[in-house]
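The values are calculated or read from the model by the stated rules, or taken from the named source; none is laboratory data. Not measured: the values here are computed from a predicted model. Cβ atoms come from the backbone with ideal geometry, glycine included; neighbour counts cover every protein chain shown.
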Amino acid sequence: MSRPDNRKPNELRPCEITVDFVGTADGSCLIRCGGTRVICTASVDESVPPFLKGKNVGWLTAEYSMLPASTGRRKARDGVKKDGRGVEISRLIGRALRQAVDRRFLGERTITIDCDVLEADGGTRTASITGGFVALVCAVDKLLKQGKIKESPIVHQIAAVSAGIVDDVPCLDLCYLEDSAAQTDMNFVMDETGAFVELQGTGEGRAFSRGELNEILALGEKGIDELHEKQREALGDRTRHIAPKRTVVIASNNAHKIQEISHMLEDRLNVISMAQAGFTEEIDENGETFEENAAIKARAVAKATGLCALGDDSGLSVDALDGAPGVHSARYCGHHGDDKANNDLLIANMADIPAEDRTAEFVCAMALSLPNGDVKTVRGTCPGVITFTPRGTGGFGYDPYFEYLSGETFAEMAQEEKNQISHRANAMRLMLPYLEEL
C-alpha cells in the first residue's frame, strides 16, 4: 500500500510544536501534524462556574473552531448557533485535558483551552488535544512563577492520535485523504501510563475484527508514545511540572516525629518540616480528640503554605486512668514537652495500680489537608502495658515506660522495629492510600 505522503503504515506525520506562539496568552503553542496546523492557547480566569463556587477546586474547559479558510474552501464562522461538530470536539478536548489535572491543586480558577485550526488535513481534534496539553503546561508554569499556586496540578501527560484501516491496511495518523476513505477510523486519547482517557472508533466502510482492533491499538500506543516525547521536547524545562513529586509539610517541630514519618514514607513524597516551609505561627490545639487536633494542625499549615500538610496528634491512653493522659499527653505535667516531668507524674498516678491492670495503648490520629481545605483523617493504635520502671535509652516521650506485646519497651526497640508496629506506623498505613493519590 502506498500512502499519499509515502509514509509507512506505522509512521506519524511530521510533528512540530512551537511553544509561546501567542505572546498575550497565559500559555500557547502552534502544533503542526503534517498539513494540519492548530493554534492552542490557555487562558486563566480567577473564577469558576457557579456549580463549583465555594468548593475550592478549579475547572478546565475547552473551545474548538476552524478558521474560515482552514479547509481550503471557506467555512462559515460560528454564529449564535454553534457548529455541532465543533461543540462535540470542544467537549472532547475539555474531557481529555481535565484528566491531566488534579483540580484540587488549581485553586478556584478556570483554565480555558482554545484550539483554532489554521489548516485542516485530518486529525484536527487529536492535534488540538496534544497541543492543548502543551499550552496547559505553559499556563501552569506562569501560575507557579506568579506564586498563585505552589505546586503543579498536572498529574498526567495527555496526547491523542488517530489510526484506522485504509484499503484493508491498519495505518497510524490518518491525513484527510485517508480519513475520508477509511474503512475504520479511531481516535485515541491516552496518558503516560498507557491508560485510555477516551477511545472513539467506528467501522465506517466495514466491520473490523478483534485482530484488526489489536493492530490499531498497537499503532495508537506507538503514536502516543512518540507524541509524548514531542511534547516533552517542546516544553523543555517546563516538563518538570508534569506529575511532580508532591511536597508534604509535616505539621510539627518535633524532630523525632518528622524523622519517623520521613522514614516511613521512604521516597514517595518530598517531606519537609514547618520551618523549611516557612511556617512559624503558633497553632492552638484546642480539640477534644486526637482527630480534631490533627486536623487543626494540618489545615493551618496547608492554608498558610499552599502545600499539602500532614498533621498528627498522638498520645498515651491508660485504661486505669480513664484514658489519661490522652490529648494532654505532651503537657500532662502542666507545661509542654517536659518528658521527665510527664513520666514522673504518670508513674506517681499509677503507683497503686497492679501489673495486671496497667494496660494502655498509644494512639495516633493523622490528618492530611490539601491546600483547598479537604481533610482525610485516620487513627492508628498500638497496645501495651505501663512498666514500673523505665527501660531503654531510645525513643522519646513515654517510650521508656511503654512495653509492647513483645516484652520490649519502645525505648529498647531499634527504630526499624518500632516503625513497623507503632501507633504512628499503623496510622501511616491507613493514610498511605490518600498520600499515594496526591
Inset, instruction - Quickly run through segment 380-418 and pick out the residues that are charged (D, E, K, R), out of contact with any Ser or Thr (no Cβ under 7 Å at 6 or more places or on another chain) and under 21 Å from residue 332 (Cα atoms). - result: none
Legend entry - Only listed residue being touching a residue at least 24 places away in the same chain (Cβ under 8 Å), assigned by TED's automatic domain parsing to the domain that holds residue 145 and more than 19 Å from the chain's Cα centre (by Cα), chosen from 207, 218, 234: 234
Legend entry - Residue that is surrounded by the fewest Cβ atoms within 10 Å (Cβ to Cβ) [pool: residues in segment 60-111 that are within 25 Å of the chain's Cα centre (by Cα), assigned to a helix (DSSP H, G or I) and not aliphatic (A, V, I, L, M)]: 91
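Conditions tested, residue by residue: (1) surrounded by fewer than 19 Cβ atoms within 10 Å (Cβ to Cβ); (2) closer than 22 Å to residue 148 by Cα.
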{"position": "252", "(1), (2)": "no, no"}
{"position": "255", "(1), (2)": "yes, no"}
{"position": "260", "(1), (2)": "no, no"}
{"position": "270", "(1), (2)": "yes, yes"}
{"position": "291", "(1), (2)": "no, no"}
{"position": "307", "(1), (2)": "no, yes"}
Legend entry - Subset of segment 245-294 [closer than 17 Å to residue 330 by Cβ, in contact with a strand residue (DSSP E or B) (Cβ under 6 Å, 6 or more places away or on another chain) and not in a loop (DSSP other than H, G, I, E, B)]: 250, 258, 261, 290, 291, 293, 294
Inset, instruction - Pull up segment 377-428, narrow it to residues that are hydrophobic (A, V, I, L, M, F, W, C) and assigned to a strand (DSSP E or B), then point me to the one that is nearest to residue 338 (Cα to Cα). - result: 402
Inset, instruction - For residue 342, state whether it is more than 29 Å from residue 305 (Cα to Cα) and surrounded by 15 or more Cβ atoms within 10 Å (Cβ to Cβ). - result: yes
Inset, instruction - State all residues of segment 191-225 that are among the aromatic types (Phe, Trp, Tyr) and surrounded by 16 or more Cβ atoms within 10 Å (Cβ to Cβ); if no residue qualifies, say none. - result: 208
Inset, instruction - Specify the residue that is farthest from residue 250 (Cα to Cα); the eligible residues are those in segment 347-369 that are touching a Phe, Trp or Tyr at 6+ places or on another chain (Cβ under 8 Å) and buried (at least 22 other Cβ atoms within 10 Å of the Cβ). - result: 360
Inset, instruction - Evaluate segment 215-233: report whether one residue or more is assigned to a strand (DSSP E or B) and either of a type in the set (A, V, I, L, M) or on the phi > 0 side of the Ramachandran plot (or both). - result: no
Inset, instruction - Among the candidates 303, 297, 340, single out the residue that is basic (Lys, Arg), more than 25 Å from residue 438 (Cβ to Cβ) and in a helix (DSSP H, G or I). - result: 340
Legend entry - Among (1) touching a residue at least 12 places away in the same chain (Cβ under 8 Å); (2) over 23 Å from residue 13 (Cα atoms) - the single one residue 129 does not satisfy: (2)
Legend entry - Members of segment 371-423 that are of a type in the set (A, V, I, L, M, F, W, C), in contact with a Phe, Trp or Tyr (Cβ under 6 Å, 6 or more places away or on another chain) and more than 22 Å from residue 251 (Cβ to Cβ): 386, 402, 410
Inset, instruction - For segment 346-402, name all the residues that are at pLDDT 95 or above, within 21 Å of residue 309 (Cα to Cα) and not hydrophobic (A, V, I, L, M, F, W, C). - result: 369, 376, 377, 379, 380
